[in-house]
Amino acid sequence: MLEVLKRPVVVTTNINLNIVALTGVGLLSRLWHLSYPRAVVFDEVYYGQYISFYMNRVFFLDDSGPPFGHMLLALGGYLGGFDGNFLWNRIGAEYTSNVPVWALRLLPALAGALSVPMAYQIVVELRFSHCTAMGAALLLLIENALVTQSRLMLLESPLIFFNLLAVLSYLKFFNCQKHRPFSLPWWFWLMLTGVACACAVGIKYMGIFTYLLVLGVAAVHAWHLIGDQTLSNVLVLYHLLARAVALLVTPVTLYLLFFYIHLTLLCRSGPHDQIMSSAFQASLEGGLARITQGQPLEVAFGSQVTLRNIFGKPLPCWLHSHQNTYPIIYENGRGSSHQQQVTCYPFKDVNNWWVVKDPGRHQLVVSNPPRPVRHGDVVQLVHGMTTRFLNTHDVAAPLSSHAQEVSCYVDYNISVPAQNLWRLDIVNRQSDRDTWKTILSAVRFVHLNTSAVLKLSGAHLPDWGFRQLEVVGEKLSRGHHESMAWNVEEHRYGTSQEQRDRELELHAPTQVDVSRNLSFMARFSELQWRMLTLRGEDAEHKYSSTPLEWVTLDTSIAYWLHPRTSAQIHLVGNIVIWASASLATATYVLLFLWYLLRRRRDVHDLPEDVWLHWVLAGTLCTGGWALNYLPFFLMEKTLFLYHYLPALAFQLLLLPLVLQHVYDHLCRSRVQRHLFSTLVVAWYSVACHVSNKLRPLTYGDSSLTPGELLALRWRDSWDILIRKS
Amino acid sequence: MLCASGRLLAARTATSLPAPPRGRGPALRCPRRELHFPGNPDPPSWDCLAGRLTRASASPHRRVILRRGRMPPAVGRGLAGSELRLRRSRCGPRAAGRDVAIQAAARSPKRPAPGSWRFEVAGRRAMLALVTLLSFATRFHRLDQPRHICWDETHFGKMGSYYINRTFFFDVHPPLGKMLIGLAGYLSGYDGTFLFQKPGDKYEHHSYMGMRGFCAFLGSWLVPFAFLIVLDLSNSLPAALLTAALLTFDTGCLTLSQYILLDPILMFFIMAAMLSMVKYRSCANRPFSAPWWSWLSLTGISLACALGVKFVGLFIILQVGLNTIADLWHLFGDLSLSLVTVGKHLMARVLCLIILPLVLYMAIFAVHIMVLNKSGPGDGFFSSAFQARLSGNNLHNASIPEHLAYGSVITVKNLRMAIGYLHSHRHLYPEGIGARQQQVTTYLHKDYNNLWIIKKHNTNSADPLDPSFPVEFVRHGDIIRLEHKETSRNLHSHYHEAPLTRKHYQVTGYGTNGTGDSNDFWRIEVVNRKFGNRIKVLRSRIRLIHLVTGCVLGSSGKVLPKWGWEQLEVTCTPYLKQTLNSIWNVEDHINPKLPNISLDVLQPSFPEILLESHMVMIRGNNGLKPKDNDFTSKPWHWPINYQGLRFSGANDTDFRVYLLGNPVVWWLNLVSIALYLLLGSIIVVAMQRGAQLPTKVEGLTRVLLQGGGQVLLGWMLHYFPFFLMGRILYFHHYFPAMLFSSMLTGILWDTLLRLCAWGPASSSLARAVHAVGILSLLLGAAYSFYLFHPLAYGMVGPLAQDPRSPMAGLRWLESWEF
């Protein structure tokens, strides 16, 4: 105890002034006049509405990415005291005074600013010189597209931040590995790698590319570790387990955590409810829950129900019938049964109500005690408003002619008999004696006579069917499909036998009482699945581009135009930096192949440790670029220039590394080196100059004359807005 | 010479062995933590591992194996199994013979006497003959049943008939398969008159056996091919026999081989490519010898043919390509070979595996195009210039003026496939859909309403066809007006939403007798040409840009509702991106004042035809999208044999054939893959940890990793890409992968049983364990075939739910429908 007191308490710190300075200028460049313009800029209109939803805690579904990014933006709004009351309807709309613009844009700007010193650190950890590291950081600092993107309420800069953080922390961890495995910093950096990967994936799905890169490199390193025979088996096992926990378990857990927070925050029903299943909707406050609360759980003979199709594509809809009949002859000359139409209707309606009837008994009310319907029971479905029975028979359906027509049976005193018995098949049953449960059970109706299955075909009926969706009996049931499954959404026990009373009953709202909640995992998997499978409409955009146009900077995006002057924000990169970055990548690949081939013939141009650093740096930077870029060629969605920025960040890291390599290993004489340094300085000055030239488009703070704007239009494809005076 | 240097190297390896773990000796790098690329050589550590292993085993033979197996010292030891492959000695036949003997010694407990060696070869030949015979017998048994069209025979039989009739058609697959079917039909006396309308149609008197027999003939070769491949990879007769039995007794392969389909042809060429690749690799000790050349070029030929049947052939090309790269990488790292020799190797492969297949593939297309010279159902899919080649098409031998002039009557065709001609008719857009003006659509068929008159934007008074006026050509950049010939209304656009694509502007017909307003003016531009040039018929790709709104005339490809007669929507798109939807060409051109030229001048060259047919095929393939609300086969269904395909019949009175894999075989394959991955990773990790395996086990693991790795790669390449495909998929797409997975099963179980048998010390017991194991697998496969053979050979009578059915109790999965 006293020993401790004898020694003085000493805190030694090393402050790398480079980093401090870089952080300073980074903050300056990103935070300067951050709340200008006080108007909605480009995709802020898109993310903004989700921020408002978070503020109002209203459920929404966005298929563009996992919720962590949206939550980060919302956090800014929360800190700035945003109440969510703003109508995000068009680009260029002025923000009202209740919108804390500065706070909303703060987090992306901070992420963008901190990427600058992080680039420095990464290059240092890759064992290149501090000068090179400064170069990488400065490139990131002055790159116009990165500055533009990080000064707005957008998700690319946080994504780049976490991408770089993942790489940096992995490198730190890897450098610890040699000397101090299982030490505190070792654990810290390892865990941070996993956390950063999870955050990157949580912001946008494309974060998964960086995650794969880190996983790949970690796997190769782990493989070498396995081959290291100075380590005991147990130690190797510990190493592998630690990596598995940090790089596999942690990210998955965190990803789930994001969704947990997301679902906890968004507890009220909102505009996207209809896309979700009945059970999911019932777990939200308001909306369907208000109706379904307190419904009896088990469907009994005599129950009045609405049946919702589980697949719900192209539209979520309910089994429906109405007094109109099928036309006797269709336009193509085929005949129909001329019985009452049965359709699927995408709106709530009193004609969506059906009564579950026991074929053996006559009454349509629930007995006391109720007799629950079980899997395998034979039922009849009676349409509530018209008292006709759901029926199918060997008549071709109106549009899907290979399937059977489904109708509500009308007795025309001709020889077509009623075939209205259906066997109940509960798809998600636990046992064969399961009861049919409201909301929870997915059921199929199998026709007893023809073993056809009631199915939503997805086709829209013509005008005679009021453009509602066609329902058919699928005869050749080639496997199970969700379009054949239905669930009870609204449910109550029927009490009145008489038709008139029942109609009144059906018009009255259902009762209210208890709530049933889904487990988190069920809600998560449903939400995630819907997000991945939701197909937005064919989104064509004026500024969309193809991946090939990104490398050459053949495209640009106009973000915002001042309502009166020609001041504007335009996403456009520093063309000198882009061109040289691509050139550096090509140089790297060629040099690498050259060295590799020569090593194969036993010619070692580089000392072993230099070669290994060269390979590691290339794997991370070129690999990061390739993984974040090439997959876009396979994607079918609408792409924009900003999708390239994460790849660009990796390319910018590589550029100074290649320069240093050329300086160290390819310039032989002193004269060559001097010449090369001069060239690099000249090139960098040009880059700065270009950056400065484009600054008005980046910050949008000064209005240029049409002549100046035309002078900036270096490529014909840049769509710089010029106001006609 | 080579041999000597090889020995020299071995000696060097040996001398470097005792190097202490300090200094710059290779052993220093044993503990490696640095990152290496996969495939990036790590020579020092390799030496280190080799050294360690060599040190552990004292036997000189053993060292020879090691050296042979891992020569040269800098063998890339990436993670991919494909690189860990058997490398026989490159040191001449004598050394190779010894090597084989040593390997045999490593495998069998006793070293075989020369006599028994010869006996073994004879045994192998006999087995091969037996296997081939059995395969042919099963495939040709009841080949004529059923006597009606089954499943896709309706397509491929029809296409075979097209070749016989020489009518042009369009299909999403390359032509070789259908050409061969047509040829087989032609040779066997089929006259191409059967209509092949729908499955179930009776063949009656038409001769169909030639075509079926041809497919069955190719399908029968799959089994002996698989036998030979496995024999070569594992050098073990039981493994090869097991593979052959699995394939012979698989009902799925059998069914698929018995009908007029592309799959037996495709699989034949895939397996032929695989076999010749394996063979040429085993000739690696005698490069540039006659067998080496012939196997190498056979590989190339099979590759071209596989690709010529279906694009799935790309996967086997990928496999051969990967192998070739690995192979060249080894040769390149072999310092005993001069760069010139390596260059020769490279050139040989470029010649046989790239140039030869490419030439062959193009030759296939050339034949295809030469044979099909009559107009047929495929015309509409192709561009106007292409159609000019087909006799019977109205563009054939037509002669029209070459350059577009004012006053000409023209038709304008969209460049995108299956969009059609710019069209208008005397019907108005309905109430509520934009302005109530005349509809403008695109229409696929030729019709008077497709005719337009091209006029100057500002003059209407004088009739341009008046002979007193000089001819004035339309030039790139001119402002024009298009007047609809039948209704005399101008092509017009304005700021109204298009009927279906909300972000585009509506296009209408406007004005009376050719007098409209400034919204009728369009600038005509030729893609990628200079201003002021004339516009060529058929050749020039033109865009029409609306002068007032700046939008581009295009077709969205969406079908209009009934009010638009289900023709396609025409819009004016404000997005100036160049897509095929907004590019047009002039097809018909009538102008009496201009001299006509023959269209033959405009005929596309062969490379253009080739490119165009590939574009059309690829787009056709992408167009095969599944509908949302239908059950479709998913790739994960396939290996578990989740659901088959109805080839013929559904009801209990029909003759039913059901394509379904023999569940015993398929599930065994599935288990084998899992087992292989488990066993393989254990072995690889153990080797990486430096475990010292006994000699016998070492030989077995090499077969497992190298031979098994090769077929595993094949399985993965033929299976996983399907997960990425957006087009509609069917169960039969899995069959090429299934061939590879059966070969893996053969290799795995043979090796596994040997490994198990290696446990008990007594050699006779070991042999007994192995023999009983293999025999029971063979018998199991045969018995399950006996149970399930009605699936392939056809069933009549009650369905399997019925206890009276012969298949009763065999419906093991609910999803099987027989």
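None of the figures in this text is laboratory data; all of them are computed from the coordinates on show. Since we're looking at a predicted model, the values are computed, not measured. Glycine gets a Cβ as well: all are built from the backbone with ideal geometry, and neighbour counts include every protein chain shown.
Okay, here's what the table says:
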{"quantity": "Inter-site label distance for B:ARG426 and A:VAL603 at 7 Å from Cα along Cβ, in nm", "calculated": "8.2 nm"}
{"quantity": "Measure of compaction for segment A:649-720 (Cα Rg per 2.2 N^0.38 Å)", "calculated": "1.55"}
{"quantity": "Inter-chain shielding of B:678-690 (mean C-beta neighbours from other protein chains, 10 Å cut-off)", "calculated": "2"}
{"quantity": "Whole-number D in µm²/s for segment A:315-411 (Stokes-Einstein; Kirkwood sum over Cα pairs; 25 °C, 0.890 mPa s)", "calculated": "165 µm²/s"}
{"quantity": "Extension gain (nm, one decimal) between B:TYR783 and B:LEU611, 0.36 nm per residue minus Cα-Cα", "calculated": "56.9 nm"}
{"quantity": "Of B:LYS446/B:LYS562; B:LYS456/B:LYS558; A:LYS204/A:LYS313; A:LYS455/B:LYS158; B:LYS310/B:LYS558; A:LYS313/A:LYS542, pairs whose Cα-Cα distance is over 23 Å", "calculated": "B:LYS456/B:LYS558; A:LYS204/A:LYS313; A:LYS455/B:LYS158; B:LYS310/B:LYS558; A:LYS313/A:LYS542"}
{"quantity": "Distant-in-sequence amide H partners of B:ARG489 (H built 1.01 Å from N, under 5 Å)", "calculated": "B:HIS484"}
{"quantity": "Unmatched cysteines, chain A - criterion: no other Cβ of a Cys under 4.7 angstrom", "calculated": "A:CYS131, A:CYS176, A:CYS197, A:CYS199, A:CYS267, A:CYS408, A:CYS621, A:CYS667, A:CYS688"}
{"quantity": "Calculated P(r) of segment B:676-818 - Cα pairs past 19 Å, %", "calculated": "68 percent"}
{"quantity": "B:ILE480 long-range amide H proximity, modeled H, under 5 Å", "calculated": "B:TRP522, B:ARG523, B:ILE524"}
{"quantity": "Per-residue mean of C-beta atoms belonging to partner chains within 10 Å, peptide A:598-608", "calculated": "3"}
{"quantity": "Protection proxy ranking of B:777-787, B:736-746 - average other beta-carbon atoms within 10 Å, highest first", "calculated": "B:736-746, B:777-787"}
{"quantity": "Computed Kirkwood radius, in angstrom, where 1/r is averaged over Cα pairs of segment A:381-485", "calculated": "14.8 Å"}
{"quantity": "Long-range HN-HN contacts of B:ALA398 with modeled amide H, under 5 Å", "calculated": "B:LEU599"}
{"quantity": "In order through segment B:218-231: 3J(HN,Hα) via Karplus (6.51 cos²θ - 1.76 cosθ + 1.60), integer Hz, x for Gly, Pro", "calculated": "5, x, 5, 6, 4, 5, x, 4, 4, 4, 5, 4, 5, 4"}
{"quantity": "P(r) histogram, all alpha-carbon pairs of the protein assembly as shown included - 20 Å bins from 0, percent", "calculated": "7, 26, 37, 25, 4, 0"}
{"quantity": "Förster radius 45 Å - calculated FRET efficiency between A:LEU548 and A:ASN14 (Cβ-Cβ, nearest 0.05)", "calculated": "0.45"}
{"quantity": "Derived scalar couplings ³J(HN,Hα) [segment A:278-287; Karplus, 6.51 cos²θ - 1.76 cosθ + 1.60; whole Hz; x for Gly, Pro]", "calculated": "4, 5, 5, 4, 5, 7, 9, 6, x, x"}
{"quantity": "Relative packing of A:32-44, A:110-122, A:361-373, which averages over residues the other C-beta atoms within 10 Å, highest first", "calculated": "A:110-122, A:32-44, A:361-373"}
{"quantity": "Protection-proxy order for peptides A:136-142, B:139-145, A:102-108, each taking the mean of Cβ atoms within 10 Å per residue, highest first", "calculated": "A:136-142, A:102-108, B:139-145"}
{"quantity": "Karplus-derived HN-Hα couplings along segment B:785-792 (A = 6.51, B = -1.76, C = 1.60, θ = phi - 60°), whole Hz, x at Gly and Pro", "calculated": "5, 4, 5, 9, 4, x, 4, 8"}
{"quantity": "Potential extension, B:TYR730-B:ASP630 segment - 0.36 nm per residue separation minus Cα distance", "calculated": "34.7 nm"}
{"quantity": "Rg/Rh for segment A:81-158, where both radii come from Cα atoms and Rh is the Kirkwood radius", "calculated": "1.16"}
{"quantity": "Size-normalised alpha-carbon gyration radius of segment B:609-719, reference 2.2 N^0.38 Å", "calculated": "1.65"}
{"quantity": "Shielding by other protein chains, B:498-510, mean Cβ within 10 Å", "calculated": "1"}
{"quantity": "Cβ-derived FRET efficiency at R0 35 Å, B:ALA650 paired with A:LEU421, nearest 0.05", "calculated": "0.90"}
{"quantity": "Given B:LYS455/B:LYS577; B:LYS413/B:LYS593; A:LYS348/B:LYS634, the pairs whose alpha carbons are separated by over 30 Å", "calculated": "A:LYS348/B:LYS634"}
{"quantity": "Cα convex hull volume per residue for chain A (Å³)", "calculated": "261 Å³"}
